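Data block below; observations after.
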Amino acid sequence: MASLLNSAYRLGVRAAAPAARIMATSTAHRSPFTHIDSSGNAHMVDVSDKPETARTAIARGHIQLSPATFDLVKQDKLKKGNVLTVAQIAGIQAAKQCAQLIPLCHPIALTSVQVQLQLADTQPLGHRVAIESRVRCQGATGVEMEALAAVSAAALTVFDMCKAVDKTMCVGGIRVVEKSGGQSGHWKDGSKVE
């Protein structure tokens, strides 16, 4: 293994898999990461024995805009079209395609995807588009990744549609704020809900 790592280093290649394997085997052959097996290899988690339950995930994020861009979006005056509508559709599409984007993510039959975008100009974040997604399924694995993908794609779409007039936009704050269903139960803002 040392020669493999040295060869990779000389070639300028980062050896992520061997590093993950070292980490996994150094913790008593049990990785805290479910996508790493006992040998340290990446794998898709087997969920075939897990019960199907109603699962929901809510994610939020935002994209900050300059005041001038904020006004253009608000007045629907950008040449590419209605920014908020196109971004909403992009978010829904991203949730549906999440397994194509994230390598070890399960393809899930989603039962609902809602993406909402709202213009906001309150402090401390200033002029921004606030984004929230709510994703649901009846399945053996959660929909957190789908909710995060929806918010991310919506924010990136706002960026794409406004980049000709604003070089200062900043995407941020993307996180899961609530999830329910499955073995771990109901969580909100990082805390278990009883």
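In the stretch 65-187, carbon and sulfur make up what percent of the accessible area (probe 1.4 Å)? Mind dumping the intermediate values first?
Details: 3610 of 6530 Å².
Of all accessible area on the stretch 65-187, carbon and sulfur atoms account for 55 percent.
Order of 70-77, 151-158 by packing, highest average Cβ count within 10 Å first?
Per-residue mean Cβ counts within 10 Å order the peptides as 151-158, 70-77.
I need the peptides 104-117, 42-55 ranked by packing, meaning the mean over residues of other C-beta atoms within 10 angstrom, with the highest value on top.
On the way: 104-117: 16.5, 42-55: 12.6.
Per-residue mean Cβ counts within 10 Å order the peptides as 104-117, 42-55.
Provide the per residue accessible area, probe 1.4 Å, for the stretch 56-194, rounded to a whole number of square angstrom.
Working: 7440 Å² over 139 residues.
Roughly 53 Å² per residue, with all protein chains present.
The values are calculated or read from the model by the stated rules, or taken from the named source; none is laboratory data. Fair warning: this is a prediction, and the values are worked out from it, not measured in the lab. So basically every Cβ, Gly included, is an ideal-geometry build from the backbone, and we count neighbours across all protein chains shown. When the accessible area is computed, the model is the full protein with side chains, heavy atoms only, and any ligands, DNA or RNA have been set aside. Shrake-Rupley method; radii C 1.70, N 1.55, O 1.52, S 1.80 Å.
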